[in-house]
Amino acid sequence: MIELIWILTGGFFGGLVRGTVGILKSIRAGRKIRKRYLFSTLAASALIGMIAGLFVHDDIKFSILAGYVGTDFIESLYKARFQEYKKRK
């Protein structure tokens, strides 16, 4: 049970790091970040990281990496779909 908590924490941390990197990129690009957007992005990143971490239950390092990469995958998928949606209109 303790191992599962560590895996979830690792995934959470990986997702949180990825969410923070995304927010910092947006700030650096000159976009205004609203508090609600900030917290929802970080919470979603952490949740996705936890879920991705569950798929890699062998090692905490892989769980952290899965959390980071899982969030990055979702972000890339969203951007691709958003671009496709903009082209249709």
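A short reminder: the numbers here are calculations on the coordinates, not readings from a lab. Predicted, not measured: the structure shown is a model, and the values here were computed from it. Neighbour counts are summed over all protein chains in view; Cβ atoms, including those assigned to glycine, are modelled from backbone coordinates with ideal geometry.
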* To do: Quick one: what are the phi-derived ³J(HN,Hα) couplings along region 5-13, Karplus 6.51/-1.76/1.60 with θ = phi - 60°, whole Hz, x for glycine and proline?
  => 5, 5, 5, 4, 5, x, x, 4, 5
* Asked: Out of (i) -0.79, -0.88, -1.00; (ii) -0.52, -0.64, -0.81; (iii) -0.47, -0.62, -0.87, which label holds the value of log10 I(q)/I(0) by the Debye sum over Cα atoms at q = 0.14, 0.16, 0.19 Å⁻¹ that was computed here?
  -> (ii)
* Return the calculated 222 nm mean residue ellipticity for the chain, to the nearest 500 deg cm²/dmol, obtained by summing -39500 (n - 2.57) across DSSP H runs with n ≥ 4 and dividing by the residue count. => -31000 deg cm²/dmol
* Asked: What list of ³J(HN,Hα) couplings, whole Hz, do you get for region 65-80 from phi and the Karplus terms 6.51, -1.76, 1.60, once you set θ to phi - 60° and write x for glycine and proline?
  -> 5, 4, x, 5, 5, x, 5, 4, 4, 4, 5, 5, 4, 4, 4, 5
* Structure fact -> Once the dipole of region 2-88 is set up from charges on Cβ (+1 Lys and Arg, -1 Asp and Glu), the residue from the list Ala52, Gly11, Thr71 lying farthest towards its positive end is Thr71
* To do: Determine the relative contact order of region 2-88: mean sequence separation of Cα pairs under 8 Å and six or more apart, normalised by residue count, in whole percent.
  => 41 percent
* Structure fact -> The simple spin-label model distance between Arg81 and Ser26, using points 7 Å out along Cα→Cβ, in nm, is 1.7 nm
* **Coil-residue trypsin sites (Lys or Arg not before Pro) of region 18-77, DSSP, other Cβ within 10 Å capped at 13** => Arg31, Lys32, Arg34
